[in-house]
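What follows is a set of notes on a single structure, which appears directly below.
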Amino acid sequence: MSRSPLPPTILAAAAAALALSPGAASAAAAAPTVRATADGTAVTVEAPAGLRAGALTLRLSVHSPSKPRTLTVLRLRDGASAAEAAGTDTQGLGDVRALERRAVLVSGATVRPGTGFRSTIPAAAGRYAIVDESADPPAYATFDVGAGEAGAKAPAATGRLRMGDRSFGAPRRIARRGVLRIDNAGTRPHHVLAIRIAQRMSDARAIELARDGGDLSRIGYASDLLGLVSAGTSNRVHYRLKGGRWVLVSYYGALLPDAKPDALRGLVDVVRVK
């Protein structure tokens, strides 16, 4: 028996209901992506037109066969220029007090060719600069985020790491692959370097060597989870780590007057990757 077609009004109502369904809304609210690539002499940025405040995914990469490069994402303060911020002497990000008067360090990492870095941030309105700190002089490119909430949502986190001024609030175990929410809940900048612990080394020895700094290859392979970021920032870092034990450590503060580096203040911990 043949069925008569639905009236156009019913079809229109069904289409409207489908557009408002949770699945469709979720797809429409995917965070936009800004891509940046550094080649040693310049930074190239690809950003969608009409970006607005809200969840924003950053994808940073380095052209092969370039060496690893330290890329920092800045939100410029009112009245500051990208050229001024990029040209600020930070002694290799060892002292960013002058830079923070011009910008907020919102994300970044030391990026290896062929690996890349991806993080989703809650982007406020303003002008942003992505700076290649490894270039001489530092290379940079900018993009803008307009006022008004876009309604985009950040990806769900599979784990959370809290950076305080005297400790990491780290989970005991994390999956080999996922999205790690990293919040700087301290009062000064911090970062997260992950070092895979050699099989025969104890946790205590790995922590001891990490606190000492120096040649970290004594512990194992090292990789940035998140570069130096200002207090009050949040990143949802898309990561992939090999199974085993990893020591997490931050070293910021060694060049500050009358201050201890983070590693000696307690920002060192061991997590297990399953």
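The values are calculated or read from the model by the stated rules, or taken from the named source; none is laboratory data. Bear in mind the structure is a predicted one, so any value in this text is a computation, not a measurement. In this analysis, Cβ positions are derived from the backbone assuming ideal geometry, glycine residues included, and neighbour counts consider all displayed protein chains. Calculation scope for accessible area: heavy atoms of the full protein, side chains included, ligands and nucleic acids excluded. Shrake-Rupley method; radii C 1.70, N 1.55, O 1.52, S 1.80 Å.
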field: Amide H within-cut-off set for residue 56, under 5 Å, with H built and near neighbours excluded
entry: 121, 123
- prompt: How large is ³J(HN,Hα), in whole Hz, for each residue of the stretch 119-133 in order, when computed from phi with the Karplus curve 6.51 cos²θ - 1.76 cosθ + 1.60 and θ = phi - 60°, using x for Gly and Pro?
  reply: 8, 10, 10, x, 7, 8, 5, x, 9, 10, 10, 10, 10, 8, 5
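Going from most exposed to least, what order do 142, 88 have by accessible area with a 1.4 Å probe? Each step should come with its number before you reach the end.
Details: 142 55, 88 15 Å².
Descending order: 142, 88.
Ignoring ligands, DNA and RNA, please state the percent of accessible area on the stretch 128-183 from carbon and sulfur, probe 1.4 Å. If you can, show how the numbers build up before the last one.
Details: 1340 of 2900 Å².
Carbon with sulfur: 46 percent of the solvent-accessible area.
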field: Alpha-carbon centroid distance for the pair the stretch 23-86 / the stretch 107-127, whole angstrom
entry: 6
message: So I have (i) 1, 6, 13, 18, 21, 19, 14, 7, 2, 0, 0; (ii) 1, 5, 10, 11, 11, 9, 9, 7, 7, 6, 5, 5, 4, 3, 3, 2, 1, 1, 0, 0, 0, 0; (iii) 1, 6, 12, 15, 17, 16, 12, 7, 4, 3, 2, 2, 1, 1, 1, 0, 0, 0, and one of them is P(r) over Cα pairs in 5 Å bins from 0, in percent calculated from this model. Which one is it?
response: (iii)
Normalised contact order of the chain, rounded percent, pairs of Cα under 8 Å and 6 or more residues apart: 19
Those trypsin sites (Lys or Arg not before Pro) in the stretch 155-205 that DSSP places in a loop and that have at most 14 other beta carbons within 10 Å: 166, 172, 176, 200
task: Using amide H atoms built 1.01 Å from N in the peptide plane, name the residues 5+ places from residue 141, or on other chains, whose amide H lies under 5 Å from its own.
output: 130
- request: Output ³J(HN,Hα) for the stretch 233-241: one whole-Hz value per residue in order, computed from phi by the Karplus curve 6.51 cos²θ - 1.76 cosθ + 1.60 with θ = phi - 60°, and x for Gly and Pro.
  value: 8, 9, 10, 10, 8, 7, 10, 8, 10
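If you average the sequence gap of Cα pairs under 8 Å that are 6 or more apart and divide by the length of the stretch 75-203, what percent do you get for the contact order?
Working: 150 pairs, mean separation 22.2, N = 129.
It comes to 17 percent, rounded to a whole number.
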- prompt: Residue-wise, which Karplus ³J(HN,Hα) couplings in Hz belong to the stretch 30-47, taking 6.51 cos²θ - 1.76 cosθ + 1.60, θ = phi - 60°, and x for glycine or proline?
  reply: 4, 5, x, 10, 10, 10, 9, 10, 10, 10, x, 10, 8, 10, 10, 10, 10, 10
field: Placed amide H near residue 170: partners under 5 Å, 5+ positions off or other chain
entry: 162
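For 217, 230, give the ranking by accessible area with the largest first, probe 1.4 Å.
Details: 217 85, 230 5 Å².
Descending order: 217, 230.
In Å², and per residue, what accessible area does the stretch 63-124 have when probed at 1.4 Å with the other protein chains present? Each step should come with its number before you reach the end.
Numbers: 2850 Å² over 62 residues.
I get 46 Å² per residue for this part.
Please compute, over every Cα-Cα pair in the stretch 222-274, the percentage with a separation greater than 14 angstrom. Don't jump to the answer; show the numbers that get you there.
Values: 872 of 1378 pairs.
Summing the P(r) of the stretch 222-274 above 14 Å gives 63 percent of all pairs.
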Computed helical MRE - 222 nm, the chain, DSSP H runs ≥ 4 contributing -39500 (n - 2.57), nearest 500: -4000 deg cm²/dmol
task: Could you pull the accessible area for residue 260 with a 1.4 Å probe, rounded to 10 Å²?
output: 120
query: By how many degrees, between 0 and 90 and to the nearest 10, does the Cα long axis of helix 203-212 differ from the longest principal axis of the chain?
result: 70
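Order 46, 133, most accessible first, counting only protein heavy atoms with a 1.4 angstrom probe. Please report the intermediate quantities before stating the final value.
Working: 46 120, 133 50 Å².
Reading off the accessible areas and sorting them downward yields 46, 133.
Report the FRET efficiency, 1/(1 + (r/R0)^6), for residue 202 and residue 91, where r is their Cβ-Cβ distance and R0 is 41 Å, rounded to 0.05. Don't skip to the answer; put the middle values down first.
On the way: r = 34 Å, r/R0 = 0.82.
Between residue 202 and residue 91 the formula returns 0.75.
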- prompt: Could you give the angle, 0 to 90 degrees to the nearest 10, between helix 8-19's Cα long axis and the longest principal axis of the Cα atoms of the chain?
  reply: 10
